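*Asks:* Handing you this structure, nothing more for now.
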Amino acid sequence: MQGLLERLDNLGIVSIMDLDDYWSPGPHHPAHLLIKQSGMDKMIINNLRLAKNVTTTTEIFADEIRKFNENVFVLPNAIDPTEKQFIPNPESSERIRIGWLGGSSHLHDLRLISSVAGQFDNVQLVLCGFDLRGVMTMIDEKTGKQTQRPIKPQESVWFEYEKIFTDNYRTVSPEYKEFLLQFKNEEYPNVNNEPYRRVWTKSINSYASNYNLFDILIAPLEENIFNKVKSQLKVIEAGFHKKAIVAQDFGPYQIDLKNAQQFGGGWDPTGNSLLVNPNRNHKDWVKHLKKLVENPDLIKQLSDNLYNTVKDKYSINKVSENRRDLYLKLLSNESNPQTRPNTQSIIEIV
């Protein structure tokens, strides 16, 4: 990277390194061994030291990056509210639905809500993103040699997720359990009458439409540095879709969320979420969700408050204006004394 940066400097081009994930996932992350063996984390840190400018998504992550480079700017994730997948079109249901959506690296996060399944009547848990594609990678710890084979359904992390959402299939009917264990990429005909719904993965252009399938988003997060510096994208998406959120009181969920549940049992009507103390995972996930299930009007209150929190701050137009202003500042040499006076271009290195 050093040679590239020197060439860009000589050409009078401002360079920006963009980084939105921590460089060293912990041992619970599926990419941990691959990153450690390849030395990718060390390469990223070295690139941070070399970079002229760095952009990232939160001030929390910016503080970590400043340990290696002080020239850091925050440009948060944003939503285009005119994009079809972010236009709310909620599916009606007689049940209150509690949903989660994400990728394949969240097993230890979801284990934090293992007490939730089977705790409520007339409630449906919705697991979005179910995906059995991929391969199983095996690494010889002595030689480092890697071999791969197609993954089996029962080896998939999504199978583990589903066991959490169904209490190891004990909450669903025998007929539905039989259907689920066939792993057909189909919707169960009588799914509306079941306490669990499997939703298969969607493309990047439509995944957010999953928010239409539930009323409350749950966002558990294991305490570690990788999770601490993540962006608050789930908060932003839930807000634009006008969903209530119950989230971990940790890291990215402390940026915009205000707990409506006050200490001592009071309720703050200006709150936009319910936050779970990491020391009370065993109690508060069920407690907070029960509060909303038994008081559906509070779901509406929280969702409206969250929408008002994010709708302007994280609109693509607003964030794009901030990005433009940053680029103009860098080009004008106001915040980058190393930039040549005749600079007319910016290149972003992701």
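The values are calculated or read from the model by the stated rules, or taken from the named source; none is laboratory data. As the structure is a prediction and not an experimental result, all values here were calculated from the model. Positions of Cβ are generated from backbone atoms using ideal geometry, with glycine treated the same way; all protein chains shown enter the neighbour counts.
*Asks:* Under 23 Å from Ile236 (Cβ atoms) and among the polar types (S, T, N, Q) - does that describe any residue in the range 99-114?
*Replies:* Within the range 99-114, one or more residues are under 23 Å from Ile236 (Cβ atoms) and among the polar types (S, T, N, Q).
*Asks:* Quick one: which of Tyr307, Tyr207 is closer than 25 Å to Thr82 by Cα, touching a Phe, Trp or Tyr at 6+ places or on another chain (Cβ under 9 Å) and at pLDDT 95 or above?
*Replies:* Details: Tyr207 fails: touching a Phe, Trp or Tyr at 6+ places or on another chain (Cβ under 9 Å).
Being closer than 25 Å to Thr82 by Cα, touching a Phe, Trp or Tyr at 6+ places or on another chain (Cβ under 9 Å) and at pLDDT 95 or above holds for just one of Tyr307, Tyr207, which is Tyr307.
*Asks:* Let me ask something additional. Looking at Glu141, Glu178, can you tell me which residue is in the same structural domain as His108 (by TED's automatic domain parsing), acidic (Asp, Glu), surrounded by fewer than 17 Cβ atoms within 10 Å (Cβ to Cβ) and closer than 30 Å to Gln37 by Cα? Lay out the reasoning, then the answer.
*Replies:* Numbers: Glu178 fails: closer than 30 Å to Gln37 by Cα.
When all the criteria are applied, what remains is Glu141.
*Asks:* A further question on this structure: Identify all residues within the range 193-213 that are surrounded by 13 or more Cβ atoms within 10 Å (Cβ to Cβ) and within 23 Å of Gln119 (Cβ to Cβ); write none if there are none. Give the steps one after another, and end with the answer.
*Replies:* Here is the first cut: in the range 193-213, the ones surrounded by 13 or more Cβ atoms within 10 Å (Cβ to Cβ) are 194-202, 207-213.
Within the range 193-213, Glu194, Pro195, Tyr196, Arg197, Arg198, Val199, Asn210, Tyr211, Leu213 meet the criteria.
*Asks:* Condition first: in contact (Cβ under 8 Å) with a residue 24 or more places away in the chain, in a loop (DSSP other than H, G, I, E, B), under 13 Å from Phe130 (Cβ atoms) and in contact with a helix residue (DSSP H, G or I) (Cβ under 8 Å, 6 or more places away or on another chain). Can you find one or more residues in the range 168-190 that meet it?
*Replies:* Within the range 168-190, one or more residues are in contact (Cβ under 8 Å) with a residue 24 or more places away in the chain, in a loop (DSSP other than H, G, I, E, B), under 13 Å from Phe130 (Cβ atoms) and in contact with a helix residue (DSSP H, G or I) (Cβ under 8 Å, 6 or more places away or on another chain).
*Asks:* Within the set of pairs 6 or more residues apart or between chains, which connect a residue that is free of Cβ contacts under 8 Å to residues at least 40 places away in the same chain and at negative phi inside the range 141-153 to a residue that is part of a loop (DSSP other than H, G, I, E, B) and surrounded by 11 or more Cβ atoms within 10 Å (Cβ to Cβ) with Cβ atoms less than 7 Å apart?
*Replies:* Ile151/Leu132; Ile151/Gly134; Pro153/Leu132; Pro153/Phe183
*Asks:* If you check Glu160, Glu223, Glu186, which single one turns out to be farther than 25 Å from Asn281 by Cβ, out of contact with any strand residue (DSSP E or B) (no Cβ under 7 Å at 6 or more places or on another chain) and surrounded by fewer than 18 Cβ atoms within 10 Å (Cβ to Cβ)?
*Replies:* Numbers: Glu160 fails: farther than 25 Å from Asn281 by Cβ; Glu223 fails: farther than 25 Å from Asn281 by Cβ.
Every option except Glu186 fails the conditions.
*Asks:* Here is a further query. Arg323: surrounded by fewer than 19 Cβ atoms within 10 Å (Cβ to Cβ) and without any contact (Cβ under 8 Å) to a residue 24 or more places away in the chain, yes or no? Give the derivation first.
*Replies:* On the way: surrounded by fewer than 19 Cβ atoms within 10 Å (Cβ to Cβ): yes; without any contact (Cβ under 8 Å) to a residue 24 or more places away in the chain: no.
Taking the combined requirement at face value, the residue does not satisfy it.
*Asks:* A further question on this structure: Within the range 282-294, is there a residue that is in contact with a Leu (Cβ under 6 Å, 6 or more places away or on another chain), of a type in the set (A, V, I, L, M) and either surrounded by 14 or more Cβ atoms within 10 Å (Cβ to Cβ) or at pLDDT 95 or above (or both)? Before the answer, list the steps.
*Replies:* So the first thing to find is which residues in the range 282-294 are in contact with a Leu (Cβ under 6 Å, 6 or more places away or on another chain), and the list is 288, 292.
Subset that is of a type in the set (A, V, I, L, M): 292.
Okay, now just the ones that are also either surrounded by 14 or more Cβ atoms within 10 Å (Cβ to Cβ) or at pLDDT 95 or above (or both), so 292.
Taking every residue of the range 282-294 in turn, at least one turns out to be in contact with a Leu (Cβ under 6 Å, 6 or more places away or on another chain), of a type in the set (A, V, I, L, M) and either surrounded by 14 or more Cβ atoms within 10 Å (Cβ to Cβ) or at pLDDT 95 or above (or both).
*Asks:* To continue, here is another question. Of all residues in the range 35-57 being touching a residue at least 40 places away in the same chain (Cβ under 8 Å) and either among the small types (Gly, Ala, Ser) or assigned to a helix (DSSP H, G or I) (or both), which is surrounded by the most Cβ atoms within 10 Å (Cβ to Cβ)?
*Replies:* Among residues in the range 35-57 that are touching a residue at least 40 places away in the same chain (Cβ under 8 Å) and either among the small types (Gly, Ala, Ser) or assigned to a helix (DSSP H, G or I) (or both), the one surrounded by the most Cβ atoms within 10 Å (Cβ to Cβ) is Ala51.
*Asks:* May I pose another question? Quick one: how many residues across the range 1-16 are touching a Leu at 6+ places or on another chain (Cβ under 7 Å) and closer than 24 Å to Gly39 by Cβ?
*Replies:* So the first thing to find is which residues in the range 1-16 are touching a Leu at 6+ places or on another chain (Cβ under 7 Å), and the list is 1-2, 5, 14-15.
Of the ones still in play, those that are also closer than 24 Å to Gly39 by Cβ are 1-2, 5, 15.
Selection size over the range 1-16: 4.
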